[in-house]
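Peer 1: Following this message is one structure expressed as C-alpha cells.
The values are calculated or read from the model by the stated rules, or taken from the named source; none is laboratory data. Please read all numbers here as calculations on a predicted model, not as lab measurements. Note that we place each Cβ from the backbone using ideal geometry, even for glycine, and neighbour counts take in every protein chain shown.
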Amino acid sequence: MVQSTPATLSATRLATLVEGFDRSPAYVGLADALRELIGDGRIAYGTRLPSERDLTEALGVSRTTVTRAYARLRDSAYAEARQGSGTFTRLPGGRTRALDRALWPSDVGSGVIDLVCAAATAPPGIGGLYAEAAAELPAHLGGHGYFPAGMPALQAAIAATYDARGLPTDPDQVIVTPGALTATAVIGTALAGPRDRVLIESPTYPNAVQALRSGGGRLATIALDPSGWDLEEIGAAVARHRPRLVHVMPDFHNPTGLVMSEADRSAYARLLAEHDATAVVDEAHHLLRLDGDPAAEARRPFASYSADAICVGSASKSVWGGLRLGWIRAPHVLVDRLTRARVGLDLGAPVLEQLVLARLLAGPVDDVLATQRARLREQRDALVGALRERLPDWSFTVPAGGMALWCHLPVPGATALSTEAERHGVLLAPGPSFAPEGGLDRYVRLPYAAATSELVEAVDRIAAAWAVVNSGRGGSPAPTSGSDPVLVA
C-alpha cells in the first residue's frame, strides 16, 4: 500500500545495498545497482533517496559520481526529483503497467501475439454442450430467471466436485457467480470493511487486489519467495497486521506456478486459526495439473485443514474464458452474509451458462479436461524449449500445471522489455503488474495458452526486443503507450 509518509533510505544503508558496484565508470555502475534494487523491490517504490552530499560521503566517491548516477535514474524513469523534497524512487510507467489489449481487441493489430491474457481457446465439445443447454432453456423461461445462489442442479454438481476431493460440501454452501473475480469481490464486500486488513501475496493476480478491496478493506502484502511460502515470515506478517482475510493460491499460483505442500497447508491453516484470520483460497487453476504426480494429485484442499476457509473456483480458467462462471464454497455460517453481499453486486449468473456447466460436470468433464491439459502441456513444453534456445540466460522453474511461466531476467528491465516487445508485435505482462506495492522488474509472466507456432514466434520476437533493451541499457526507456487496462487472467 502507498504510505502517507514516504519511506526514507539512509546513506549508510544505501551504501551497504550497493556495495561492490561496478566502478568502470562509477556513475554508470552506481545507477545500474540502484535500478536493480528499485526494480526488484528491495528499495520500495516512492522511497526518498539520501541527499547527494550524504551519499557521496557514505560511498567515498566524488559528488559528480552521485549527481550523474541520480540523473541516469531520473532519465530512465527509476527516480523523480521533487523540488524542495529530494529524489524519490519510481518505476517506468508507474507503480504497475499492464499492456493487456484483450478487453479491446480492435487495439491489437494484425500479427500481434498476445502473451498477457492467460486464457486458452475452448476445448472440443463445448459447442455441443451449449446446443444441448439451449434446447433445455425453454423449460426455464416460465420462471423469473434469477438465482442469487445459483441453480440448484449446478450447486449440487459443484458440491460433488468438493466431495470427490475429500472436502464434504452441501449444495447450499455453494454460491454461483459470473466468474472467480466476482466471487472474490463478493467476499471482499461481505467480510472486509474499511477497518479491516486484507493480506495478499506479492506477486499475485492483480485483479484480485481490487476485488478484495471492494468493501473498503486495507491491503497489506506478504512477499512470496521464489521457492515457496515462508511460513515464518507469513506468521510474522499475520501477527503484525491482524488481517480479517488472507488471500492464498496454493495450487498453481498465478503467476509463479508454485504448489503448496501438504505440510505447509496444515501449518498455514493453524497459524491463521491462531490469529482469527479467514483464508480466501483461490483455486481457479487447481484442475490444470499437466504432469502426473500421484502424491500431488492426492493432495488435500487447503480448506480441509481450515474449517473457516472460503474457496473460490472457476470454470473460465480450466474450461474456457467464455464460460463466465465461478463460485464460492463457504462455511454454512457465512453463506447468508455472502449471498446478501452478492445481491448488492448482481442478482445471479446467466441461466444458459449454468445449464452448460451443470451438463459438463455431470458428463464429459474428465474428457474435456484431459484434452485441455494435453494441449497446454504441449504448448508449455514448446515455450520452454524456445526460451532455453533463444534466451538461455533467463531462468524459470517449469511448473507442473497452470498456464504460465514466471521468468526471472538476468538484469532488471521487464517494464522496458514489455514496451519494446510491443514494437516487435508481442504484448507482455511485466513483473510490476503482479506486485501490489511495486517492484519485481526482473520478472515477466509468459502464458502458454497460445498455439505452439505462435509461442515459438513470440520468443523470437521477445529475444529481439530483449537485445534492444540490453543494447540501450542505462538510457531513457521507450515511451509508454495508452492507459493501463486490467489483466484478464
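Peer 1: Condition first: within 21 Å of Val112 (Cα to Cα), assigned to a strand (DSSP E or B) and out of contact with any helix residue (DSSP H, G or I) (no Cβ under 6 Å at 6 or more places or on another chain). Now tell me which residues in the range 408-447 satisfy that.
Peer 2: Within the range 408-447, Leu427, Ala429, Arg445, Leu446, Pro447 meet the criteria.
Peer 1: Further question on the same structure: Is it the case, given these coordinates, that Trp394 is over 24 Å from Ser214 (Cβ atoms) and touching a His at 6+ places or on another chain (Cβ under 9 Å)?
Peer 2: Working: over 24 Å from Ser214 (Cβ atoms): yes; touching a His at 6+ places or on another chain (Cβ under 9 Å): yes.
For Trp394, the condition - over 24 Å from Ser214 (Cβ atoms) and touching a His at 6+ places or on another chain (Cβ under 9 Å) - is met.
Peer 1: Across the range 224-260, which residue is modelled with the highest pLDDT among those that are part of a loop (DSSP other than H, G, I, E, B) and loosely packed, with under 15 Cβ neighbours inside 10 Å?
Peer 2: Applying the filter and picking the extreme gives Arg242.
Peer 1: Note down all Cβ pairs under 8 Å where the first residue falls in the range 254-279 and is more than 21 Å from Thr184 (Cα to Cα), the second is surrounded by fewer than 17 Cβ atoms within 10 Å (Cβ to Cβ), and they're at least six residues apart or on different chains.
Peer 2: Taking only residues 6 or more apart or on different chains, the pairs are Ser261/Gly228; Glu262/Arg300; Asp264/Gly228; Asp264/Leu231; Ala267/Leu231; Leu271/Leu231; His275/Ala239; His275/Arg242.
Peer 1: Gly292 is checked against (1) more than 14 Å from Val198 (Cβ to Cβ); (2) touching a residue at least 40 places away in the same chain (Cβ under 8 Å); (3) not in a helix (DSSP H, G or I) and fails just one. What number does that condition carry?
Peer 2: (2)
Peer 1: Taking Ala330 as meeting all but one of (1) over 21 Å from Pro436 (Cβ atoms); (2) surrounded by 19 or more Cβ atoms within 10 Å (Cβ to Cβ); (3) out of contact with any helix residue (DSSP H, G or I) (no Cβ under 6 Å at 6 or more places or on another chain), write down the number of the exception.
Peer 2: All conditions are met except number (3).
Peer 1: Next question. Looking only at the range 269-286, how many residues end up being among the charged types (D, E, K, R), within 18 Å of Ile222 (Cα to Cα) and part of a loop (DSSP other than H, G, I, E, B)?
Peer 2: Here the count works out to 1.
To keep it simple, each residue is scored yes or no on (1) assigned to a strand (DSSP E or B); (2) surrounded by fewer than 22 Cβ atoms within 10 Å (Cβ to Cβ).
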| site | (1), (2) |
| --- | --- |
| Ala153 | no, yes |
| Ala156 | no, yes |
| Leu181 | no, no |
| Ile187 | no, no |
| Leu199 | yes, no |
